[in-house]
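Read the figures in this text as sums done on the coordinates, not as results from a lab. Just so we're clear, the structure is a prediction, and the values are computed from it rather than from any experiment. Positions of Cβ are backbone-derived with ideal geometry, glycine not excepted, and every protein chain shown enters the neighbour counts.
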Ligand code: ATP
Ligand code: MG
């Protein structure tokens, strides 16, 4: 490929909306252009990288026993109605009707389609295990599309689905995928960590997210400072904190005028914040009120709350009317005096507290001397772990302190059990001729997000620094002055040689100033630059520069190819 013909419009400036490095650099380096909010075109350089990532993914999926197929993007509502997700999926699903008024969606994921495919064909345990995958555009009408390819509305996903005859088989498939994902992200040259994850609306058993470590990442992860435990903050299980043993006081009301926040109560009553109980009120998608309580210095983990409420799919902050209707008083709330039928979820640490301060469900009044295990005798009260992990909390595996970091979820693996196969009647006959539901797993990688994550991790003030495996081109040959025929001819010669040797090379033959070309090369981030200038023509010495380290080597013409290959081995 010749840069003079390449459609890679580089820019000096970036659009104001590009908040993170990968988005800015992809714009400036001429990799992507926006069509509409959360929708992007991949230009030739980006597409080469995407195809390299896809090739790595394909090789690893195939090696693990996956078979590639291609399903329609457009999916009939019927399958989703069978699984119950047509209503459960919510506003993220892009829905449409055909000319006959029948409902369809643009696939946000393909569990239903895959289950429907195999239920008609897989009849016997002899056909199992089976792993099918595709690499295809997915559609999600994200609440906040942002960060370029990180969270877009149309994006490329590899999704693989495993089908097994029993739990052991499902777990073996999961392990194969876990290993394959480890290989994929390692081969892409990324620093990542598999972290224990919540499995969200998809349901089922265990799950890991493959998280690329980056400060801009939207995932908060808790990492143990001692053992190898790592989990998303949504998932991190926390044991209750034991309270200091002390004689129990009588519960009593105190006036706390205007003290409707934890800080105000703490200051007004002059008690440590660890002695206060904080209330947060939510409403479910079915408009049911959920009152949650955590220690004053803790935060509520909404995902854990969601798991605690049967059938709830979404939570939003409750409106005041609903709180008052249940007998609650915003700013002065506790479970004491709340009407029956309200969901009350109390963090297990709160249940251990003694002589605490909590609201009295009256304006400007709190209780002191509250001991939840004694005072929260509400029927139907749910006591469980609902607090959000924070720096220094004990690791659930070894008890050592956890530290919090950020990451980008590039992939996720799940076991699904029989959730979809039971709902959709996907069964097979086992060794004894008994009909059983298939055991499933699903495994996704965001291809565009992986590319963006690679840039988040690999850039400097001049531009992208691609890991070799996913660089659009591994080598660029720059002609210092393409108007000089001797230089151009020399470079063409070298270029032809490299092509002949099967190297992944671009010739920058543009009639631009050398400085402009060097800047573009640094911005686009080719791992190795070969420079052909007057020196090469006169003395046969060729300059090689490594993008990542800035090292420069001068080698005689006979040796440059070997040197380039040697350098690439290290990148
Ligand atoms: P997130 O929590 O970031 O919204 P998710 O957990 O909903 O993602 P999955 O359903 O697990 O995503 O999809 C598999 C992979 O697809 C993700 O790990 C991610 O790499 C990618 N992905 C998901 N949503 C998007 C998006 N809006 N834009 C780009 N890639 C995405
Ligand atoms: Mg996910």
Seminar exercise, completed: Taking only the alpha-carbon positions of region 252-384 as identical scatterers, the Debye log10 I(q)/I(0) at q = 0.20 Å⁻¹ comes out as -1.15
Exercise. Do the sum for the chain: with -39,500 (n - 2.57) for every DSSP H run of n ≥ 4, divided by all residues, what is the mean residue ellipticity at 222 nm, to the nearest 500 deg cm²/dmol?
Worked result: -8000 deg cm²/dmol
Exercise. What is the order of 42, 473, fewest Cβ neighbours within 10 Å to most?
Worked result: 42, 473
For this session: Would you mind computing, in nm to one decimal, how far apart the modelled labels at residue 77 and residue 274 are, each placed 7 Å from Cα along Cα→Cβ?
Result: 5.5
Problem set entry | Angle between the chain longest axis and helix 514-524 axis [Cα atoms, degrees, rounded to 10] | 40
For this session: Using only Cα atoms, find the angle between the long axis of helix 44-63 and the longest principal axis of the chain, and express it within 0 to 90 degrees, rounded to the nearest 10.
Result: 70
Problem set entry | Protection-proxy order for peptides 154-165, 430-441, each taking the mean of Cβ atoms within 10 Å per residue, highest first | 154-165, 430-441
Problem set entry | Rg followed by Dmax, in Å, when region 25-96 is reduced to its Cα trace | 17.3, 46
Seminar exercise, completed: Fewest to most Cβ atoms within 10 Å: 188, 224 sort as 224, 188
Exercise. Dividing the convex hull volume of the alpha carbon atoms of region 415-514 by its residue count, what do you get in Å³ per residue?
Worked result: 184
Problem set entry | Relative packing of peptides 540-553, 6-19 - highest average C-beta neighbours within 10 Å first | 540-553, 6-19
Exercise. Please state the Cα pair-distance histogram of the chain with 20 angstrom bins from zero: what percent is in each bin?
Worked result: 18, 41, 30, 10, 1
Exercise. Using 7 Å Cα-to-Cβ label points, what is the residue 397/residue 67 separation (nm, one decimal)?
Worked result: 3.6
For this session: Between residue 250 and residue 565, with labels modelled 7 Å along Cα→Cβ, what's the label distance in nm to one decimal, could you check?
Result: 9.0
For this session: Report, in degrees rounded to the nearest 10, the 0 to 90 angle that the Cα long axis of helix 447-457 makes with the longest principal axis of the chain.
Result: 80
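Can you tell me the order of 228-235, 24-31, 276-283 when each peptide is scored by its average per-residue count of other Cβ atoms within 10 angstrom, highest first?
Per-residue Cβ counts within 10 Å, averaged per peptide and sorted highest first, yield 24-31, 276-283, 228-235.
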